[in-house]
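The values are calculated or read from the model by the stated rules, or taken from the named source; none is laboratory data. Treat the numbers as computed from the prediction; the structure is a model and nothing was measured. Please note: Cβ atoms are built from the backbone with ideal geometry, for glycine as well, and neighbour counts cover all protein chains shown.
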Amino acid sequence: MDFDLEELASIIELLDKADFRHFSFEKGDLRITVSRDGNVPPDLAAPAAPAATAAAPVRAATVPAAPAGLRTPVKTPASAPARTAVEPDEGEIVITAPLLGTFYRAPKPGEPPYVEIGDKVEPDSVLCIVEVMKLMNSVPAGVSGEVTKVFAGDGELVEFGGPLFAVRTIA
Amino acid sequence: MDFDLEELASIIELLDKADFRHFSFEKGDLRITVSRDGNVPPDLAAPAAPAATAAAPVRAATVPAAPAGLRTPVKTPASAPARTAVEPDEGEIVITAPLLGTFYRAPKPGEPPYVEIGDKVEPDSVLCIVEVMKLMNSVPAGVSGEVTKVFAGDGELVEFGGPLFAVRTIA
Amino acid sequence: MSRQADRVRQRVFVANRGEVALRIVEACDRLGFETVLGVSSADRDTLAARRAGQVVVLGGPHATGSYLSIPSVLHAAISTGCTAVHPGYGFLSERADFARECAANGLTFVGPSPEALETLGDKLSARELAESLGVPVSAGGYAASVAEAAELAARIGYPVLIKAAYGGGGRGMKLVESDAGLAEAWAPASAEAEAAFGDGTVFLERYVTDAKHVEVQILGDRHGNRIHLGERECSVQYRYQKMIEEAPCAALPQATRERLHDSALRIARALDYVGLGTVEFLYDVRRDELSFLEVNPRLQVEHPVTEAVTGVDLVREQLLAALGEPLSVRQENVRLSGHAIQARITAQDPCHLLRPSPGTVKRWRPPVGGGLRLDSHIYEGYDFPPFYDALMGKLVAWGPDRASAVARLGDALADFEIGGVTTSRDLLRSITRHGDFLAGTVTTHWLNDRFNDLLGDRNE
Amino acid sequence: MSRQADRVRQRVFVANRGEVALRIVEACDRLGFETVLGVSSADRDTLAARRAGQVVVLGGPHATGSYLSIPSVLHAAISTGCTAVHPGYGFLSERADFARECAANGLTFVGPSPEALETLGDKLSARELAESLGVPVSAGGYAASVAEAAELAARIGYPVLIKAAYGGGGRGMKLVESDAGLAEAWAPASAEAEAAFGDGTVFLERYVTDAKHVEVQILGDRHGNRIHLGERECSVQYRYQKMIEEAPCAALPQATRERLHDSALRIARALDYVGLGTVEFLYDVRRDELSFLEVNPRLQVEHPVTEAVTGVDLVREQLLAALGEPLSVRQENVRLSGHAIQARITAQDPCHLLRPSPGTVKRWRPPVGGGLRLDSHIYEGYDFPPFYDALMGKLVAWGPDRASAVARLGDALADFEIGGVTTSRDLLRSITRHGDFLAGTVTTHWLNDRFNDLLGDRNE
C-alpha cells in the first residue's frame, strides 16, 4: 500500500487516547473519519468546504432508510422522507438546509427563482432562501456545478439538514 | 488483490484494540470502512470511491443511514401511502386490496402483466394477484372501465384496503 | 461497543390489540427491539398503532379476517422482516398450528413449544398429565358412553360437570345433578363440543360447589430453568369472566400454598416449559382441597398483580426467554412484597347484565397516585369499537397488606373520571366495599349470586 | 359524538427532550391531543421521537441551535399547525420573551403569563413581592454600592450571600464572611452577573447555614382557582443539584406547614398564577424558621412525588389549565396519602465528582414492583448523548409512611440493572441507607460534606 502503516498505527493510537465523539481529517487525497456514536450530527456531515470529498457525507445523509414502498414504514425516526425519495446520482451532491425554516426559491413572490434545474452555479451562488420567523437566510451552493434536482417545494417547511437541491459537480 | 493482506490484517488488529464505533480511512483509491453497529454515520455510508474491492462492504453497510428529509406530518396508520398520494381523478375508482399480501401484476414471473395502463377491463377481468402464504388470490376489477393508474409495485407488500389500481369507469 | 452489535437486531410482530398490544410494544421499546403491529382496519387509530414502530392492516374489523387469520399474520410478519411474534392473550396465543407455522418460517413464537400447546389445549390430556404427576385433580375422567358416564358419576357423586376436551375457560361445560340429567345432557354435550371445538370428546368431573379460583404464575427459559412467581386469586367472576384479581391469595394456609406451587412446577417440568404460563386450580376452602383446572400457556390479563408483588417484569422475561436468554431471576430471589389487586374496567353495562356498551370515550381521567398502575389503551376521543372484547383498562393497586391495597383500589376507582361510555367502574367499586370481599370469603359463584344487591349499592 | 368534535383539535408542540418530553407526549396522547416534537439532530432516535405524532429537526446537537433557538421552535410550531407549546423544564420554560412570542403567534404557552415570568425571573423583585405579601424572607435586600452593602451586612450579620438578581437555582451566588470579603467580592459579583445574565444587579441575603430545602406545589387556572398540592423536601443536593426529593416534608411542624402553604398561595394569588409553579423556601429546623427563596414558574423535575401522594396528574392539569379548562380538583379535595420519594438516576460518575459519563446503554432492566414508578426515556442500546443534562430516569417509590417508601426505593435501586454507562445508582442507594437520611435530619449541605463517606459504602 502506498502509505505508511506506522503512521496510521500511531494515528489510531492517538485517537484512541483522545476524548471525542466524531473525528474527521482531510489532507489532499487523505481522509480519515472516526466516530464514537451511532449518529453523526449533520453539521459534521454538511458540506463545510466545496471539496469533492465532502460530497460523500451529504450524499449519504439523504439515503432513505425504510423501503419507501409501503405506507406505514414512514413512522420511526429512521424513516424515509415523505414526498421524494432523495437518491442523488453518481457525481451529484445534495445541498441541505443549514437551519429549519420555510423554503423559498425566489427572492420575492412572483419573481423568477434563484435557480432552475440545468442552471450552472458557483460556490457563492444563492440557491434559495430559508425563512425563519421573517428572517431570510440565503443558502449558497458551496460547490460549482449544475443544478440537477429540487427536493423541497416552494413555501414548504424544511428541517435542519433536510435536502434542498442536488448539484452535479464539475469534475 | 493489489495490496498486502498482511498489512490489512495488522490494521484490523489495531482497529480491534481501539475504541470507536465507526472508522473510515481513504487514500488514493484505497478506502477502509469499519463500523461496529448497524447505524452507519453519513460519511461512512457514502457509495465507495472507485475501488471495486472496497465498494461491496461499504454499500452493505449503508442501508440503515439516518434520514435528512422531512417526515410525514401524520404518523398514524391512517396516513396515505408514503410514495404516491392516492387521489383518484373525476370518474375514477380505486381498486383496493381485498386482503393483506404480496402484489403481483403477472400470473408468473416473466409473463406479461394481467393489465397495463390504458387497458379496458370488465367487472370480471383479473387485474392482479395478491399472494398470502403461497396462496394466490386473483383480484377482479369489479367495474367496467379503463385502467388509469397502478399504485402498488410488483412484489410489494400491500395491506388490506391498500390502493392497487385506478380505473376510469365508462359513463 | 454496542450491545445491539452483539446480536441480531430483534423486530417483534405484535399479533394482538388493545391494552396488551401497548404493553408488549412498551416492553420491546425498552429492550431496543423494533415493533410491527398488525391491526384490523377498525384499529388504525388505537394508541398501540400510534406507538408501534410500524403498522400493517391485516384485514377487516372482524377478527376472523385479521387477528385470527394465521396466513395474514404470518405473511405480514415475514414481509416486514420480523424475527419474532408475540401473540399476547386470546386470538392466536394458544394455537399450536400457528406456533408451528412461525417456527417453519423462521419466526420465534413468544410462547411454549407447539407440543406443550397441544397437550394443554386438550383439557382431558392436561388433566391426565396432572394426574400422572401426582397433582390433585377433582374426581372424574373420560367416559366413552352414557353407560360408562353414569357409572363414573355414581362413583363421583352428583352434581358433576360434563366438560369438552377442547373447551376451557368456562366454555363447553354442562352441570348435571342426576342420572336422568346426565342421560339427557350427554349426547348434546358431545355434539355441541363437536360443533364448537371440532372435537366431540367430553369427560366428567365432580362439581366443586363452593371454591376459590387460584392460579400459579410459572416462567421457564431454554436453559432448563423453571420458577414460579407465587399465586393469584381470581374468585370474583361473573359467568366465568374474571373481574377482580389479586396476589397473593390471602385465604391459603402455607402448607396448601406450598403444595400449590409445587404442583405447578411439576407440570412446568414435565412439559419442559418455556416462557410464561398459568396453572389454574380450584380451592375448596372448607375441605382445604386443591384441584387442577387447566394451564393457560400464555401471558395472562392479570399478570400485573404478580409483577406488583414480585417486582419482576413478566413480559420482558417472556420475550427474553423466548429469544434464548436465561431467566434474570432465580427461585430463591423471588421475594413477595405486599399485596396487589387489579380491577378490569370494561365497556359493559352492569344494569343490563354487563352487555357491551361501545362508543366514544369523551372523558378519561385516571388517578395517578402512588401504588397505582393503569394498563390501558384508551384516550379521550377514542372510539371504542364493538368488534372485540370490552376491556378498557386494568387498574392495579398495591399496598403493604390486603386491606390497604383494597382501600387504595376503591379510592382510585372513585377518583377515576370516565365519560361517554357506560363502564363496570361503579360495580367494581361496590365489590371492593362489600363485607364478603373485604373478609376474603368470596368464591367463584359469589358475584353471580350477589350481582343485584351490588347494583343497589352503586350510588352512594 | 366525539369530545374532540366539541372543540378545537389540540396539537401540542413539545419544546423539550428526554424523560420530560416523553411525559408530556404521554399526557397529550391520553387527552387525545396530537403532538409535534422538536428535536436536535442528535435526538432523532430518542424514545420521545418514536412516540410523538410528528418529529421535526430543529437544529444541530448543541441546544443553542435547537432547543434554545426561539425562532426555530416558533417557526416549527407554527408551520406544523400547533395550537399550544409545552416548554417542559429548563431550556425555554422560563423565558418571558418566548411566552410573548407564542401569544403573538396564536400559540398557547403552557405556563404562566409573561408578566409573571418577568417578575419571578428577577429574584430581587420576586423577593420584594414576597416581602410585600408578608411572606418570610431571610434578612437582606438591594444595595447600590459596596458602602451600602457593608452597612446592610453589618445589620444582617455575616456570613451573607451576594446574589445575582437574574441568577437562581444556585447560579450567581457568592458567600462572604467579612467586610473584607464583601469589599473584595462585590464588584466581581456584579460583573459576573452582568456577563452571565446580562444584568449586573445583585443583592444581599443572610446565609442560612443549616437548612432544609422545602417547596410548595401550586396550581392555578384561568378562572381564578388557585390551589396548593402540599410541599416537597429536596435537601439531598450536591452543589445545588437535587438528587433525592420527597413528599411530604416529614420534619415540618403542622403550624409551620400551614404557614408555608399559605405563603405559597399568597404569591400565587398576587400573580393571578395560571398553571404549575413551585415556591421554594429554606427551612431552618433549629429556629423553626422559613425563608422564601424563589418561584419556579414551570413543571418541576420532582413533580411525580406530589402526584404519588395526591393522585393528581399535574401535567394533565397544567395542559388543561393553560387551554382554559377549570381545575378538576378543589383545595378541599386534595387529600394526601402516604409518602413518596424520588431518586434521580443520572449518567454521572460518583467516583469522579459526578462528572458526566455518556455512552451506549447496554443494559436497562428496571424493576416494576408495586408502589414504584419510573419516568425515563432510556432503552437498551440507546446512545446517551454528551450534549445535554445527565438525567436518565426518575425512580419514584410510594409507601404508606416514609420508612416504607425509603425501604422500597432502596430495594428497587438494588434490583435496577444498568449496564454500559456509569450512573449515580449506587450513590443514591447508599444515601437511602444512611442513618442521617433515615432520621430525616439531612440539610442542603449534608451531601457535600458526606460525599466521600458515602462512596465508601457503595459496594456491600
Checklist outcome for this item: Taking segment C:47-68 and keeping only residues that are within 14 Å of chain D (Cβ to nearest Cβ), out of contact with any strand residue (DSSP E or B) (no Cβ under 7 Å at 6 or more places or on another chain) and either touching a residue at least 24 places away in the same chain (Cβ under 8 Å) or small (Gly, Ala, Ser) (or both), one is left with C:Leu47, C:Arg51
Checklist entry - Taking the stated definitions as given, is D:Arg95 over 20 Å from the mean Cα position of the chain (by Cα) and among the charged types (D, E, K, R)? => result no
Next on the checklist: Restricting to segment C:362-377, give me the number of residues that are facing chain D (nearest Cβ under 8 Å) and touching a residue at least 24 places away in the same chain (Cβ under 8 Å).
Outcome noted: 10
Checklist entry - When residues of segment C:358-416 are filtered for being closer than 26 Å to D:Ser337 by Cα and of a type outside the set (Ser, Thr, Tyr), how many remain? => result 36
Next on the checklist: For segment C:195-226: of the residues being surrounded by fewer than 23 Cβ atoms within 10 Å (Cβ to Cβ) and among the β-branched types (Val, Ile, Thr), which is modelled with the highest pLDDT?
Outcome noted: C:Thr201
Next on the checklist: Step by step: first the residues of segment D:411-424, then only those that are buried (at least 20 other Cβ atoms within 10 Å of the Cβ) and under 23 Å from D:Ala247 (Cα atoms), then the one that is nearest to the chain's Cα centre (by Cα). Which residue is that?
Outcome noted: D:Ser424
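One line per residue, one yes/no per condition, for (1) within 19 Å of the chain's Cα centre (by Cα); (2) part of a helix (DSSP H, G or I):
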position	(1), (2)
C:Pro112	yes, no
C:Glu128	no, yes
C:Val135	no, no
C:Ala149	no, yes
C:Leu152	no, yes
Item to check | Residues within segment C:312-327 that are in contact with an Asp or Glu (Cβ under 6 Å, 6 or more places away or on another chain) and buried (at least 21 other Cβ atoms within 10 Å of the Cβ), tallied | outcome: 2
Checklist outcome for this item: Subset of segment C:159-191, residues more than 20 Å from C:Ala126 (Cβ to Cβ), in contact (Cβ under 8 Å) with a residue 24 or more places away in the chain and charged (D, E, K, R), comes to C:Asp179
Next on the checklist: Could you check segment C:224-244 and list, in sequence order, the residues that are of a type outside the set (S, T, N, Q) and within 24 Å of C:Asn333 (Cβ to Cβ)?
Outcome noted: C:Gly224, C:Arg226, C:Ile227, C:His228, C:Leu229, C:Gly230, C:Glu231, C:Arg232, C:Glu233
Checklist entry - Does any residue of segment C:14-30 turn out to be surrounded by fewer than 24 Cβ atoms within 10 Å (Cβ to Cβ), away from chain D (no Cβ under 14 Å) and polar (S, T, N, Q)? => result no
Checklist entry - Within segment D:430-453, which residues are surrounded by 20 or more Cβ atoms within 10 Å (Cβ to Cβ) and free of Cβ contacts under 8 Å to residues at least 60 places away in the same chain? => result D:Ser430
Next on the checklist: Tell me whether segment D:47-57 contains one or more residues that are touching a Cys at 6+ places or on another chain (Cβ under 8 Å) and either crowded, with 20+ Cβ neighbours inside 10 Å or not small (Gly, Ala, Ser) (or both).
Outcome noted: no
Next on the checklist: For the condition crowded, with 24+ Cβ neighbours inside 10 Å, of a type in the set (Gly, Ala, Ser) and more than 23 Å from D:Arg222 (Cβ to Cβ), what is the one hit in D:Gly277, D:Gly359, D:Gly370?
Outcome noted: D:Gly370
Item to check | Residue selected from segment A:149-171 under the condition in contact with a Phe, Trp or Tyr (Cβ under 8 Å, 6 or more places away or on another chain) and surrounded by fewer than 19 Cβ atoms within 10 Å (Cβ to Cβ), by the criterion nearest to the other protein chains (Cβ to nearest Cβ) | outcome: A:Glu156
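Condition check ((1) at pLDDT below 95; (2) in contact with a Pro (Cβ under 9 Å, 6 or more places away or on another chain); (3) not charged (D, E, K, R)) across all residues:
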{"site": "B:Val58", "(1), (2), (3)": "yes, yes, yes"}
{"site": "B:Pro67", "(1), (2), (3)": "yes, yes, yes"}
{"site": "B:Thr76", "(1), (2), (3)": "yes, no, yes"}
{"site": "B:Ala82", "(1), (2), (3)": "yes, yes, yes"}
{"site": "B:Gly91", "(1), (2), (3)": "yes, no, yes"}
{"site": "B:Val94", "(1), (2), (3)": "no, yes, yes"}
{"site": "B:Pro98", "(1), (2), (3)": "no, no, yes"}
{"site": "B:Val115", "(1), (2), (3)": "no, no, yes"}
